[in-house]
Each structure stands twice: as C-alpha cells, then as structure tokens.
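Remarks on the structure that follows.
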Amino acid sequence: GFDSLAAVELRNRLNTVSGLRLPSTLIFDYATPAALAGHLLERLAPATGEHEDGAGAHDDDELRGLISRIPVARIREAGLLDSLLKLSERAPEPADQALDIKSMAVADLVRAALDRSGGR
C-alpha cells in the first residue's frame, strides 16, 4: 500500500518520465498495477482506430516525426534506450533512394545532406 507522500512521489516520477500531467490521487484512483498501467497506456497511446495493416492512425513519416521530437534523455529516463538501440541493430538498412528535394522541408534537406556526407 501507498501512503499519500509515496503516492505523490510516484505520480511526480511518472509525470517526469511520461510528460503527462497526472492527478495526485492517481495511485488511489488506479489501485492495482494493471489498472495503473492500463490508464497510462491509454493516456500515452490512445486507441484511435486501426488501419487495415494494423499500423494505427499514424503513417510512418508522421511516427518518425513524433519520435524524433523526443529528447534522448527522456528516452533514457523511461528505460527505453537500450531496447530501441537493439531494435535499430536488427533493422534493415534503408535502400538508397533518390531524394525528392522539391517536397522536402529545410530541416530534412540539411539532415539528408549531412547523412550523405557522413555527418561532416
């Protein structure tokens, strides 16, 4: 069981890691680990309907954009960095495709140029 101080401290840690603003009564509102995890999952990744391919409501480019905005420190604090790095080791290298520079944003052009020059 949690006392009020421990409940608020856990809530504060969850706020920091998740970026959510959670109520101080969180632990008492969701008294079991499963209920709390379910609530956090719903807040972090709300069910928005599935596409036919099961990919959810976001396309790959949108997901890449969302993920790129997460600071590495936050990924590390959430305990996800090692898992993501392991996944990236197994990911196939993208095919070297011709870039359509007319449709690219400035940031994407700079990133593509740095990637092709080896980051110099």
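The values are calculated or read from the model by the stated rules, or taken from the named source; none is laboratory data. All values reported here derive from a predicted model rather than from experimental measurement. Positions of Cβ are generated from backbone atoms using ideal geometry, with glycine treated the same way; all protein chains shown enter the neighbour counts. When the accessible area is computed, the model is the full protein with side chains, heavy atoms only, and any ligands, DNA or RNA have been set aside. Shrake-Rupley method; radii C 1.70, N 1.55, O 1.52, S 1.80 Å.
What part of the accessible area of region 1-43, given as a whole %, is carbon or sulfur when the probe is 1.4 angstrom?
In region 1-43, the share of accessible area belonging to carbon and sulfur is 60 percent.
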So for each of 59-71, 2-14 I average, over its residues, the number of other beta carbons within 10 Å; can you give me the resulting order with the highest mean first?
2-14, 59-71
